[in-house]
Structures are given as structure tokens and as C-alpha cells.
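Enquirer: I'd like to ask some things about the structure below.
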Amino acid sequence: MTTPLTDEEVLDRAERWARFHRKPETRGRMDECLKGLSEADQRRVYLCGQRVSTGLAPKVLPAQTQERKEPDEKEQKTTSKRAAKNRG
């Protein structure tokens, strides 16, 4: 497993990706910026590059995201009962 890119490395690759994206004749080279990266890092570079290419401020996603906790059935029933009480 490869180590995740730092935020600076993601931003550097994203800016390169955006430069390639600006000119139709260099769009074929956009994949060069993503080559050799994990899927998570490719996503981080791609999303940041999209922001840069549209003129938005660059925003680098964190390297690791925590797993989203799915509520169990008991929590869902409790929440729906509270919502029903509040409605009426």
C-alpha cells in the first residue's frame, strides 16, 4: 500500500491537472497526474483539480475519512418517534 499524498502534493498535481484540462489539445495528458496513485489519492487530485480549473479556490480533501456509522434499527425507531411527537 502506498502512503497518501500530502496536501501540498495533491495541490501540485491538481494544478497540473487543471493546466492540462484548460487546453483541449493537452487533455489527453490529464491522466499523467493520476498515474501511480491509489484510488483515494486519485479522487483527491481530481476533485481539487476540478475546483482549480473552474476558478474556485483549491480545496484538498483529507487523506483519510472515518467510516460513516449507520444507525441501527432501534436508533431509527427512537428518532422517528421523536419526530412524530414534535410534529403534532
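Enquirer: State all residues of the stretch 9-44 that are within 12 Å of ALA63 (Cα to Cα) and assigned to a helix (DSSP H, G or I); if no residue qualifies, say none. Break it down stepwise before answering.
Expert: Initial filter on the stretch 9-44 (within 12 Å of ALA63 (Cα to Cα)): 9-10, 38-44.
Answer for the stretch 9-44, where residues must be within 12 Å of ALA63 (Cα to Cα) and assigned to a helix (DSSP H, G or I): GLU9, VAL10, GLU39, ALA40, ASP41, GLN42, ARG43, ARG44.
Enquirer: Would you call ASP12 modelled with pLDDT of 90 or more and out of contact with any helix residue (DSSP H, G or I) (no Cβ under 7 Å at 6 or more places or on another chain)? Don't jump to the end; show me each part of the working.
Expert: Values: modelled with pLDDT of 90 or more: yes; out of contact with any helix residue (DSSP H, G or I) (no Cβ under 7 Å at 6 or more places or on another chain): yes.
So ASP12 passes the test.
Enquirer: List every residue pair whose Cβ atoms lie under 7 Å apart, where the two residues are 6 or more positions apart in sequence or sit on different chains, the first residue falls within the stretch 24-39 and is under 15 Å from SER53 (Cα atoms), and the second residue, located anywhere, is modelled with pLDDT of 90 or more and of a type in the set (Lys, Arg).
Expert: Taking only residues 6 or more apart or on different chains, the pairs are CYS33/ARG13; CYS33/ARG16.
Enquirer: Being touching a Leu at 6+ places or on another chain (Cβ under 7 Å) and either surrounded by fewer than 16 Cβ atoms within 10 Å (Cβ to Cβ) or of a type in the set (Ser, Thr, Tyr) (or both) is the filter here, so list the residues in the stretch 24-45 that pass it.
Expert: none
The values are calculated or read from the model by the stated rules, or taken from the named source; none is laboratory data. As the structure is a computational prediction, the values presented were derived from the model and not from experiment. Methodologically, a virtual Cβ is constructed for each residue, glycine included, from the backbone with ideal geometry; neighbour enumeration extends over all protein chains shown.
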